[in-house]
Structures are given as C-alpha cells and as structure tokens.
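The values are calculated or read from the model by the stated rules, or taken from the named source; none is laboratory data. On a predicted model such as this, the values are computed, not experimentally measured, just so you know. Reconstructed Cβ throughout: ideal geometry from the backbone, glycine too, with neighbour counts over all protein chains shown. We work out accessible area using only protein heavy atoms, side chains counted, and drop any ligands, DNA or RNA first. Shrake-Rupley method; radii C 1.70, N 1.55, O 1.52, S 1.80 Å.
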Amino acid sequence: MLSKAIETALNNQVRLEAESSQIYLAMASWAEIKGFEGVANFMYAQSDEEREHSLKLVKYINERGGHAIVSELKGPQTDYKSLKEIFETQLKHEIFVSESINELVRITLEAKDYATHNFLQWYVAEQIEEESTARTILDKLNLIGNDKGGLYLFDNDIVRFIAPDTAK
Ligand code: FEO
C-alpha cells in the first residue's frame, strides 16, 4: 500500500510525463509544418514514449492501492525559432524530469518504500538514455550551425535515434 505522500509524489510524476508528451507532440507538429519530416517523426515517437512513461506510473499507483489522477496539463510551447531551440528545450526539460525522478527515488528510500524505489529504477535508466540522446543530437546541431545542407542531412539522419519499438 502506498503512503499518501508517495502517492501524491507519483501522481505529480504522472502529470509531468503527460506534459512531456504534449511538449514533444507540439515540437513534432512544428517540425512537420516546417518540412523537417525526420525531426517530426522523432518527436512523435518521443511523445508516444512519454505517454507510456505516464501510463506505466498510472498502472503502478493503482496496482499498489492508490488512485492515479489524470489531471489538467500545462499547455506546451507551440512555436520555435529553430531546430536548435527545440533540442535545447528538450535537453533542459529532460534534465528537469531527471531531477524530479531523483527526488522521487530519494523520498521512497527515506520512507522505506522499497517496492516503489525498485519500480523507479527503470525511470532512472531511461533518463540517462534520454539525456544522452538529447546531448548527442544537440552536439550535432551545434556543428551544423545554420548550414541548410547540413540541416537537411541531419533531418534524414535523426531516424536512427528513434527507439525501434516506437518507430512508425
Ligand atoms: Fe519520461 Fe523523457 O521523461
């Protein structure tokens, strides 16, 4: 059985993951109308992954006798200046999500909720991967700068960062 404090903290993470899904969906839509098909597909897949992250938490909370709350979400940024801004925003956001997961890990340990602590390890590993991907992509964009040909190749190449289970 989850304590009230852990349940509330997990529900906060449900909302954060759902908001992440909306943020990446908005980025996908922006990239699509700007003609960056590869980036759009990458972000659509990211958005699906975040929805899965949220759903996994919903199921866990309910399975442990809590009540997962589906809450109102903050509206995402819908307009961007450049691909660079998109990926800078993504990296910043993922670092923020990692901090939130780390805080959850900390409070579950403090509360001796070892089951939830163990459940969260999947998220810890996932965050390492997501931050690393965002950094790699951003490094590439920094190399390319404003070179149109480079951005065209980047857009074609980004498909290899889409996790196989989410590739459409
Ligand atoms: Fe589920 Fe990218 O945080």
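So how far, in whole Å, is the C-alpha centre of segment 105-168 from the one of segment 49-72?
21 Å
On a 0 to 90 degree scale, rounded to 10, what angle separates helix 114-144 from the longest Cα axis of the chain?
10 degrees
Compute the signed sum of charges (Lys and Arg +1, Asp and Glu -1) over the other residues within less than 13 Å, Cβ to Cβ, of SER82.
On the way: positive: LYS34, LYS81, LYS84, LYS148; negative: ASP79, GLU85, GLU88, ASP147, ASP155.
So the surrounding residues net to -1.
What's the local net charge at ARG106, with K and R +1, D and E -1, over the other residues with C-beta under 14 Å away?
Value of the local net charge: -3.
Given labels modelled 7 Å from the Cα in the Cβ direction, how far is it in nm from ALA163 to LYS56?
If labels sit at ALA163 and LYS56, their model points lie 0.6 nm apart.
Heavy atoms only, 1.4 Å probe, whole protein assembly: order ILE162, ILE101, ILE128 by accessible area, highest first.
The ranking, largest first, comes out as ILE128, ILE162, ILE101.
Over the chain, what is the relative contact order in percent, taking alpha-carbon pairs closer than 8 angstrom and at least six residues apart?
Numbers: 172 pairs, mean separation 50.7, N = 168.
About 30 percent, as a whole number.
Angle check, please: helix 37-63 long axis (alpha carbons) against the longest principal axis of the chain (alpha carbons), in degrees 0 to 90, nearest 10.
Once rounded, one gets 0 degrees.
If you roll a 1.4 Å probe over segment 19-125 with all protein chains in place, what percent of the accessible area is carbon or sulfur? Working shown, then result.
Working: 3020 of 5690 Å².
Reported share for carbon and sulfur atoms: 53 percent.
Using a 1.4 angstrom probe and counting only protein chains, how large is the accessible area of ARG15 in Å², to 10?
Answer for ARG15: close to 80 Å² accessible.
Share of Cα-Cα pairs in the chain beyond 20 Å, in percent?
Roughly 52 percent, rounded to a whole number.
By how many nm would the segment from ILE95 to GLU110 lengthen if fully extended, with 0.36 nm per residue of separation less the alpha-carbon distance?
3.1 nm
Taking all protein chains together and a probe of 1.4 Å, list VAL39, VAL159, VAL124 from the most accessible to the least accessible. Don't skip to the end; give the middle numbers.
Numbers: VAL39 0, VAL159 90, VAL124 40 Å².
Sorted descending by solvent-accessible area, the residues read VAL159, VAL124, VAL39.
Treating the beta-carbon of each Lys and Arg as +1 and of each Asp and Glu as -1, no other charges, what is the dipole magnitude of segment 59-135 about its Cα centre, to the nearest 20 debye?
I would put it at about 80 debye.
Just reorder TYR114, TYR123 by solvent-accessible area, largest first, 1.4 Å probe, all chains present.
TYR114, TYR123
When ligands, DNA and RNA are left out and all protein chains stay put, how many square angstrom of accessible area per residue does segment 11-168 have with a 1.4 Å probe?
56 Å²
Any chance you could give the angle, 0 to 90 degrees and rounded to 10, that helix 4-33 forms with the longest Cα principal axis of the chain?
Roughly 10 degrees between the two axes.
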